[in-house]
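Only one structure is covered here, and it is reproduced in the block below.
The values are calculated or read from the model by the stated rules, or taken from the named source; none is laboratory data. Keep in mind it's a predicted model, so treat the numbers as computed, not measured. In this analysis, Cβ positions are derived from the backbone assuming ideal geometry, glycine residues included, and neighbour counts consider all displayed protein chains. Ligands, DNA and RNA are excluded from the accessible area calculation, which covers all protein heavy atoms including side chains. Shrake-Rupley method; radii C 1.70, N 1.55, O 1.52, S 1.80 Å.
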Amino acid sequence: MKEFFDVAYDIKALVSLFFTGGSFIYFIISLITGNKYMPISFLWQMLILSLLLTLMQHLIYHDRLLPKLSVKIKVLFHYILILITLISFIYFFNWFNIKDFRNFIIFYFIYTIYFIAACTYFSIYYRTTGEMFNKMLNKYKTSNK
């Protein structure tokens, strides 16, 4: 039961992050394009997208589902799945004309840069916190000898 609540908490936190991030991106694009309104339907679309992205991330990086895949393969798989999901949402909800090659290239470039930045941030974060915990563990081991 504890594992269920831990997973539910993680999912809730990730949905919130994805929803906030998506809303922030919409806000920035609206400033650039001069759009002054956010339709209510877009909020529902963002919520559904956030849920899907969270479930994908949880399933891809969960230790039990794909335990033998390397992290690099999981990241590549995640990159492709998110790309397909975003293109589907853009197309079906008509966020912009994705069929226009120029629009697609701009979207793809922004998405790729954002994904690389996010991966770099998480890599630095996990490396830093891992080193911090290793130092604390070593300090604990030496003080208890």
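Could you report the accessible area of L59 in Å², rounded to 10, computed with a 1.4 Å probe on the protein chains as they sit in the structure?
For L59, the solvent-accessible surface is approximately 90 Å².
With a 1.4 Å probe and all protein chains left in place, how much of the accessible area of the chain comes from carbon and sulfur atoms, in whole percent?
Here carbon and sulfur together make up 72 percent of the probe-accessible area.
If I take every Cα pair under 8 Å that is 6 or more residues apart in the chain, average their sequence separation and divide by the length, what percent do I get for the relative contact order?
16 percent
Based on DSSP H runs of at least 4 residues, each adding -39500 (n - 2.57), what is the mean residue ellipticity at 222 nm of the chain after dividing by all its residues, to the nearest 500 deg cm²/dmol?
-29500 deg cm²/dmol
May I ask for the distance between the Cα centers of segment 28-50 and segment 76-108, given as a whole number of Å?
Cα centroid to Cα centroid, the span is 16 Å.
Once both axes come from the Cα atoms, what is the angle between helix 2-33 and the longest principal axis of the chain, in degrees from 0 to 90, rounded to 10?
40 degrees
Please go through the residue pairs K12/K139; K2/K139; K12/K72; K12/K74 and name each one whose alpha carbons sit more than 27 Å apart in this structure.
K12/K139; K2/K139
Once you charge only the Cβ atoms, +1 for Lys and Arg and -1 for Asp and Glu, what is the size of the charge dipole of segment 18-109 about its Cα centre, to the nearest 20 debye?
180 debye
For segment 1-65, what is the accessible area per residue in Å², given a 1.4 Å probe and the full set of protein chains?
Computed with neighbouring chains in place, this is 74 Å² per residue.
On C-alpha positions alone, give me the angle between the axis of helix 71-92 and the longest principal axis of the chain, in degrees, nearest 10.
20 degrees
Taking only the C-alpha atoms, wrap a convex hull around the chain and report its volume per residue in Å³ as a whole number.
161 Å³
May I ask for the angle, rounded to the nearest 10°, between helix 40-61 and the longest principal axis of the chain, with both axes built from Cα atoms and the value confined to 0 to 90°?
Tilt relative to the chain: about 30 degrees.
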